[in-house]
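The values are calculated or read from the model by the stated rules, or taken from the named source; none is laboratory data. Since we're looking at a predicted model, the values are computed, not measured. Every residue, glycine among them, receives a Cβ derived from its backbone with ideal geometry; neighbour counts consider all protein chains shown. Please note that ligands, DNA and RNA were not included when accessible areas were found on the heavy atoms of the full protein model with its side chains. Shrake-Rupley method; radii C 1.70, N 1.55, O 1.52, S 1.80 Å.
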Amino acid sequence: MTDRQAHETNCPCGSGDSLGQCCGRYHAGTAAPSAELLMRSRYSAYVLGLIDYLQATTLPAQQAALDLDGMRHWSLESTWLGLEVGESTVLGGKPEHALVSFTARWHDQSGEHVHQERSAFVQNDGHWYFIDPTVPLKAGRNDPCPCGSGQKFKKCCAAYV
Ligand SMILES: [Zn+2]
Ligand SMILES: [Zn+2]
């Protein structure tokens, strides 16, 4: 997509802004400044089939275990119907964690689907990452958390996976 097209296309995340002024900036390499904006840009990436972006914005310790073919299939075989973002809570700590509630709707061969989730995110080195609840983190309960917080895993991201 050219810059001009991106500025004439409504952003799939439903913000009301153009793609180029909304999630397109993050797809192009600018770090999303909040967990909510990262979550919106990940929804838009599913709509647009940007699987590399979805992988790059998942917690680095989980990236190698993602089912990229499954994600690509889900992205391309679905008609995406919209996103609603609910409450967004920054939990603080170092690095910061955040929880974002959202509802996503899509349509595929088996009908219409509604998915509600409260997703967890962590910020490291100025980048927010999605903590994928379907990918196990390989850490003992007393080991340092794979998110890089330096806390024990059981006191950190073990609650999210
Ligand atoms: Zn957007
Ligand atoms: Zn953690």
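Less than 10 Å Cβ to Cβ from residue 149, Lys/Arg counted +1 and Asp/Glu -1: what total charge do the surrounding residues give?
+2
Given the Cα-Cα distance of residue 3 and residue 89 and 0.36 nm per residue of separation, how much length would full extension add, in nm?
27.7 nm
Measure off, as a whole percent, the carbon and sulfur share of the 1.4 Å-probe accessible area of the range 31-161, all protein chains present.
Exposed carbon and sulfur together represent 48 percent of the surface.
Just the number please: accessible area per residue for the chain, 1.4 Å probe, all protein chains included, in Å².
55
Evaluate the distance, in nm, between pseudo-label points positioned 7 Å from the Cα of residue 55 and of residue 114 along their respective Cα→Cβ axes.
Going by the 7 Å Cα→Cβ label model, 3.4 nm.
So what's the range 3-159 giving for Cα Rg divided by 2.2 N^0.38 Å, two decimals?
Compactness ratio reported: 1.05.
Out of 132, 67, 17, any idea which swings most in a Gaussian network model of the chain, alpha carbons joined below 10 Å?
Judging by the Gaussian network model, the answer is 67.
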